[in-house]
Amino acid sequence: MSVHPVVSAVTARIVQRSRPYRAAYLQRLEAARGQGVHRGTLSCTNLAHGFAAFPANDKLSLKEQRKPSVAIVSAYNDMLSAHQPFERFPQIIRDAARAAGGVAQFAGGVPAMCDGITQGQTGMELSLFSRDTIAMATAIALSHNMFDAAVYLGVCDKIVPGLLIGALHFGHLPALFIPAGPMTSGMSNPEKAKVRQLYAQGKIGRAELLEAEAQSYHDAGTCTFYGTANSNQMLMEVMGLHLPGAAFITPNTPLRDALTAAAARRAVEISLPGPSFIPVGRVVDEKCIVNGIVALLATGGSTNHTLHLVAIAKAAGIVIDWTDFDELSAVVPLLTRIYPNGDADVNHFHAAGGTPFVIRELLDAGVLHEDVTTVMGQGLRAHCAEPQLREDRVVWQAPPAQSGDENVLRKAAQPFAVDGGLRLLSGNLGRAVIKVSAVKPLHRIVEAPAIVFESQDAFMRAYKAGELERDFVAVLRFQGPRANGMPELHALTPALANLQDAGRHVALVTDGRMSGASGKVPAAIHVSPEVLAGGPLGLVRNGDLIRVDAEAGILQALVPPAEWAAREVPKADLAANQVGMGRELFALFRNAVSAAEEGATSFGLPPVNEILEKASA
């Protein structure tokens, strides 16, 4: 199957745009690889420190420098349900690596915070920056120069992107990501959403709400809706960094443990001294990044990845922007309906055919690049495979020819929509993204007066006071990464949904983030440049007519040009966002962060030396 011309054209443009940075990155990768087994560069004192506490046989292996050493970098903590299963994984990995002729060491842990816990709370202002903190913690774990490959244990929002960014800065090392899997299904997603809206309306109390939430989030494993955490897992598979079909196997099951052991064995095989060396910096190339965008669009994934994929690409010397997302979205069919874009959860999706089914359909439709390198050492077609357990070993078989439930998963020839439902908006308010895969067509164009807010709390006070019973566009500003760390604003969703359900025409426009769970209310998010950087969203005044048009891609304040040009962006008192709950420790990030469309990162592209600059001129 030939690649769709738009996919091919976007990929070619990314290659051209990235050329000097990618060349510099690969040059650095090859220089690091040329050093050979890295323990060989350590002094005897260095090396002795590195294996002092190791079992005798493993210590001998490291002394001889012949057997591969695999780093384990983990986001384990037992407060977060998605990461609690990782407590058992290191020993499984050590045993499997040893049996495969290598050794494995726990190299380091990285922080893992939960947006579900911090949603609407002060701690959410650390969330986005935790991604870069995780990347730095990953670099520290690998900086001992003891390793020939690494496995990464992570699931949720900023954690997988942070781990991958860190891994790419050690791009000469092979990398294999090992998921923990989703929790078993609890309360249905539509019922959960209904309870939240009833609470927002004051029709039920906190006790009823807490009981419903506890029935939804009830066990070890990832939350079962298709938010950022499960979007991460989808992307790791389509980008070739998981074993095939590994994403959505539930924790603490024989198949989950067998997949973990198989991943450890594969890490040994693809290590620097192993038989099939596959460095992660070669796996994550321009085609791999395009495949990640396509998978995100085809499954209605999290809008957070319009930041994270940009940041991941940057770490590999690749430059992408929201125009790339927009053009790909126009030709990528929507194959799934998983909450918040439908009623089903990821367990239902997995049972209907899951990720291997999606990859096969997208390959056959010509919107994925098959000719990529993956951790399997083959093209992407090798990931069209379901894992099964036979005699305590993992074997793979072809996914079903037909979906097990066409209300959840469909073939590319009969999609839920002909486009991916993620669109670029632009106009005199800047550039933004909007996810419309869960927004009904009648709500995709909103033209209404602006009501300006500078905090979530201000919005909720107005809502509870009954001041929002009308058509309006909520303009929530000073929520960008420079202002307050760009917190998710998902706590506003029940209130906005109630107003929309009551017949009001409402939309949200913000330089902040929404959430992987953003759904049926139109939201123009990540408006860039942000207000604190002089962005035009700061020029909006109460009563200005705002047009949010997801069909035509318009984000416009309908204000006479002369009046608009005469306005100034107001100064905001952000003192309350600078201290408390550890926020003062993250001032460096706020001061150095790039724009949302550049990934909202604290790091830049690989430095380009004079030779490469001349070659690209």
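The values are calculated or read from the model by the stated rules, or taken from the named source; none is laboratory data. Keep in mind that what you see is a predicted model, and the values were worked out from it rather than measured. Virtual Cβ from ideal backbone geometry, glycine too; neighbours counted across all protein chains shown. For the accessible areas, the whole protein counts, side chains as well, though only heavy atoms, and no ligand, DNA or RNA atoms are used. Shrake-Rupley method; radii C 1.70, N 1.55, O 1.52, S 1.80 Å.
For segment 174-197, the set of residues classified as open to solvent by less than 10 Å² (accessible area, probe 1.4 Å), aliphatic (A, V, I, L, M) and touching a Leu at 6+ places or on another chain (Cβ under 9 Å) consists of Ala175, Leu176, Ile178, Ala180, listed by residue number. If you go through segment 421-442 and keep only what is farther than 11 Å from Asn341 by Cβ and small (Gly, Ala, Ser), you end up with Ser426, Gly427, Gly430, Ala432.
When residues of segment 165-194 are filtered for being assigned to a loop (DSSP other than H, G, I, E, B) and of a type in the set (Gly, Ala, Ser), how many remain?
Total satisfying the criteria: 6.
Inspection of segment 218-225 finds a residue satisfying the criterion of being among the hydroxyl-bearing types (Ser, Thr, Tyr), surrounded by 20 or more Cβ atoms within 10 Å (Cβ to Cβ), outside any loop (DSSP other than H, G, I, E, B) and touching a residue at least 12 places away in the same chain (Cβ under 8 Å). Look at segment 309-321: where a residue is more than 16 Å from Ala295 (Cα to Cα) and open to solvent by 10 Å² or more (accessible area, probe 1.4 Å) and a partner is part of a loop (DSSP other than H, G, I, E, B) and not hydroxyl-bearing (Ser, Thr, Tyr), sitting 6+ places away or on another chain with Cβ atoms under 8 Å, you get Lys314/Gly599; Lys314/Phe603; Lys314/Gly604; Lys314/Leu605; Val319/Leu605. The set of residues in segment 331-364 that are among the polar types (S, T, N, Q) and either without any contact (Cβ under 8 Å) to a residue 40 or more places away in the chain or crowded, with 23+ Cβ neighbours inside 10 Å (or both) comprises Thr336, Asn341, Thr355. Restricting the search to strands (runs of 3 or more DSSP E) fully inside segment 68-164 and requiring at least 1 residues that are surrounded by 19 or more Cβ atoms within 10 Å (Cβ to Cβ) and hydroxyl-bearing (Ser, Thr, Tyr) gives 69-74, 149-153.
Within segment 557-578, not a single residue is within 28 Å of Ala313 (Cα to Cα) and either out of contact with any strand residue (DSSP E or B) (no Cβ under 6 Å at 6 or more places or on another chain) or open to solvent by less than 30 Å² (accessible area, probe 1.4 Å) (or both). Within the bounds of segment 530-547, is there any residue that is among the small types (Gly, Ala, Ser), open to solvent by less than 50 Å² (accessible area, probe 1.4 Å) and in a strand (DSSP E or B)? No: zero hits. Consider segment 444-464 and keep the residues that are in a loop (DSSP other than H, G, I, E, B) and modelled with pLDDT under 95. The one that is surrounded by the fewest Cβ atoms within 10 Å (Cβ to Cβ) is Ser455.
Summed over segment 465-494, the residues that are among the basic types (Lys, Arg) and without any contact (Cβ under 8 Å) to a residue 60 or more places away in the chain give a count of 1. Within segment 200-214, if we keep just the residues that are open to solvent by less than 50 Å² (accessible area, probe 1.4 Å) and in a helix (DSSP H, G or I), the residue that is modelled with the lowest pLDDT turns out to be Ala200. Filtering segment 378-392 to residues that are of a type outside the set (D, E, K, R) and exposed (fewer than 15 other Cβ atoms within 10 Å of the Cβ) leaves Gln378, Gln388. Scanning segment 485-515 for residues that are part of a loop (DSSP other than H, G, I, E, B), touching a strand residue (DSSP E or B) at 6+ places or on another chain (Cβ under 8 Å) and over 30 Å from Asp132 (Cβ atoms) returns Arg504, His505. Is one or more of the residues making up segment 290-308 surrounded by fewer than 24 Cβ atoms within 10 Å (Cβ to Cβ) and hydrophobic (A, V, I, L, M, F, W, C)? Looking through segment 290-308, none of the residues is surrounded by fewer than 24 Cβ atoms within 10 Å (Cβ to Cβ) and hydrophobic (A, V, I, L, M, F, W, C). Residues in segment 393-422 that are open to solvent by 40 Å² or more (accessible area, probe 1.4 Å) and outside any loop (DSSP other than H, G, I, E, B) were compared, and the one that is farthest from Ala351 (Cα to Cα) is Arg393. Pairs are defined by a Cβ separation below 8 Å, a sequence spacing of at least 6 or placement on different chains, a first member in segment 404-421 that is closer than 10 Å to Val331 by Cα, and a second member that is assigned to a loop (DSSP other than H, G, I, E, B) and open to solvent by 30 Å² or more (accessible area, probe 1.4 Å); the pairs so defined are Asp419/Ala330; Asp419/Val331; Gly420/Ala330. The residue pairs whose first member lies in segment 522-541 and is on the phi < 0 side of the Ramachandran plot, whose second member is among the hydroxyl-bearing types (Ser, Thr, Tyr) and crowded, with 21+ Cβ neighbours inside 10 Å, and whose beta carbons are closer than 6 Å, counting only pairs six or more residues apart or on different chains, are Ile525/Thr510. Considering segment 474-505, and only residues there that are among the basic types (Lys, Arg) and closer than 17 Å to His526 by Cβ, the residue that is most open to solvent (accessible area, probe 1.4 Å) turns out to be Arg482. Tell me whether segment 490-509 contains one or more residues that are within 17 Å of Arg431 (Cα to Cα) and in contact with a His (Cβ under 6 Å, 6 or more places away or on another chain). No, that holds for no residue. Of all residue pairs spaced 6 or more apart or on separate chains, none has beta-carbon atoms under 7 Å together with a first member in segment 151-165 that is without any contact (Cβ under 8 Å) to a residue 12 or more places away in the chain and a second member that is crowded, with 24+ Cβ neighbours inside 10 Å and acidic (Asp, Glu). Does Val375 count as open to solvent by less than 30 Å² (accessible area, probe 1.4 Å), hydrophobic (A, V, I, L, M, F, W, C), at pLDDT 95 or above and at negative phi? Yes. Whether a residue is under 15 Å from the mean Cα position of the chain (by Cα), under 24 Å from Gly171 (Cβ atoms) and part of a loop (DSSP other than H, G, I, E, B) was assessed, and Leu235 does not pass this test.
Determine whether segment 345-364 contains at least one residue that is under 20 Å from the mean Cα position of the chain (by Cα) and on the phi > 0 side of the Ramachandran plot. Checked segment 345-364: at least one residue is under 20 Å from the mean Cα position of the chain (by Cα) and on the phi > 0 side of the Ramachandran plot.
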